[in-house]
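These notes are about the structure you will find just below.
Each value in this text was obtained by applying a stated rule to the coordinates, not by laboratory testing. Here the structure is a predicted model, which means the values were calculated and not measured. So basically every Cβ, Gly included, is an ideal-geometry build from the backbone, and we count neighbours across all protein chains shown.
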Amino acid sequence: MNPDRDAVWSVAKGWLAVILVVAFAVASPPVGAASFQPLEIVTRNGVQVFSVEMATTEQEKQTGLMYRKELADGKGMLFDFNPEQEVSMWMKNTFVSLDMIFIRADGRILRIAENTEPMSTRIISSQGPARAVLEVVAGTAQKYGIRPGDRVGHPLFGSK
């Protein structure tokens, strides 16, 4: 190759590398954006184990499970609202129907809002002080016999 072609090819390779890096960064989710932890719910029917994504920052809590097209059985998102307080949720921009399990600071389930309406802006209240909310795919509470008063095992509640 002649010197002019070598210089042009070198610049082109550099730009191609930059474009690939930018495209990869835009297409990939942020590294470390989600941390998954085990969570157990002790019911009359036994212990049900979930793998939950933690929502602890204000941004994570505001976004929640919005824009997701599916949520697998046994997966969920745990929202930490420390300190215990009245909590309000909604389904805006959420495509998947959910069961919302409101949990007191002692790890006991306060309330369950089952089969929530996707994309709804209707407010879903904890109807009492809650430390956290566990969102799982709709039908989970009924499928596993999860009820108010059942105990949740997770470090957020001083267990597991």
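Quick notes
- Amide H partners (placed H, <5 Å) of Ala130, local residues excluded: Gln85, Glu86, Val87
- When the square roots of the Cα gyration tensor eigenvalues are ordered a ≥ b ≥ c, the ratio a/c for region 32-132 is under 1.5, which makes its shape rounded.
- Subset of Lys69/Lys92; Lys92/Lys143; Lys69/Lys143 violating a 19 Å alpha-carbon distance limit: Lys92/Lys143; Lys69/Lys143
- Net charge of Cβ neighbours under 10 Å - reference Gly128; Lys, Arg +1; Asp, Glu -1: 0
- Normalised radius of gyration (Cα atoms, divided by 2.2 N^0.38 Å) for region 41-86: 1.37.
- Shape of region 79-146, Cα gyration tensor, a/c cut at 1.5: oblate
- Each Lys or Arg adds one and each Asp or Glu subtracts one; over the other residues with Cβ under 12 Å from the Cβ of Leu98, this totals -3.
- Sorted peptide list for 145-156, 89-100, criterion being average Cβ within 10 angstrom, highest first: 89-100, 145-156
- The loop-placed GluC sites (Glu not before Pro) in region 45-80, going by DSSP, that have at most 11 neighbouring Cβ atoms within 10 Å of their Cβ come out as Glu70.
- Loop-located GluC sites (Glu not before Pro) in region 71-147 whose Cβ has at most 16 other Cβ within 10 Å (DSSP): Glu114
- Working from Cα pairs under 8 Å separated by at least six residues, relative contact order for region 26-160 is 27 percent.
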